[in-house]
Amino acid sequence: MPVETGTKPAAETPPTAAKIQRRLDTLGNLNIVAGVALVGVNAVLAQTDHSRPAKRRALTRSSSPNTSASPLWIGSAIATAAAAVDQARRTLA
């Protein structure tokens with residue numbers, strides 16, 4: 001199956017395969033958007049947690065109280081950055 005890049009079909013690519021490649025490109029972009037949204041929502045939730053009274057914060061605190069960034073936030077930020085870099089690399093190729 002001829003391809004120009006991982007998500008861009010060549011002119012001689014069969015229509016079904018070309019359609020799949022274009023969908024893959026769209027899903028890559030949606031993955032980046034979802035990652036950014038996840039980071040944003042997590043940041044808002046973290047900020048909301050800091051605006052609660054101290055006693056209430058103590059009741060809802062995560063398992064790692066001394067860290068300001070949760071592992072979920074860090075993981076989603078790394079995954080989003082990696083997806084954005086990969087998409088940029090594919091676009092420039």
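The values are calculated or read from the model by the stated rules, or taken from the named source; none is laboratory data. The model shown is predicted, which means the values in this text are computed figures rather than measured ones. Don't worry about glycine lacking a Cβ; one is built from the backbone with ideal geometry, like all the others, and counts go over all protein chains shown.
Of everything in the range 64-73, what is among the aliphatic types (A, V, I, L, M) and at pLDDT below 65? Give them in sequence order. Walk me through how you get there before you give the answer.
Narrowing the range 64-73 to residues among the aliphatic types (A, V, I, L, M): 69, 72.
Scanning the range 64-73 gives a single hit, Ala69.
Among (1) of a type in the set (S, T, N, Q); (2) at pLDDT below 75; (3) part of a helix (DSSP H, G or I), where does Ser76 come up short?
Among (1) of a type in the set (S, T, N, Q); (2) at pLDDT below 75; (3) part of a helix (DSSP H, G or I), Ser76 violates only (2).
Working only within the range 5-43, note down all residues that are in contact with a Pro (Cβ under 6 Å, 6 or more places away or on another chain) and in a helix (DSSP H, G or I).
Residues of the range 5-43 in contact with a Pro (Cβ under 6 Å, 6 or more places away or on another chain): 10, 12-13, 18, 21.
Within the range 5-43, Ala18, Gln21 qualify.
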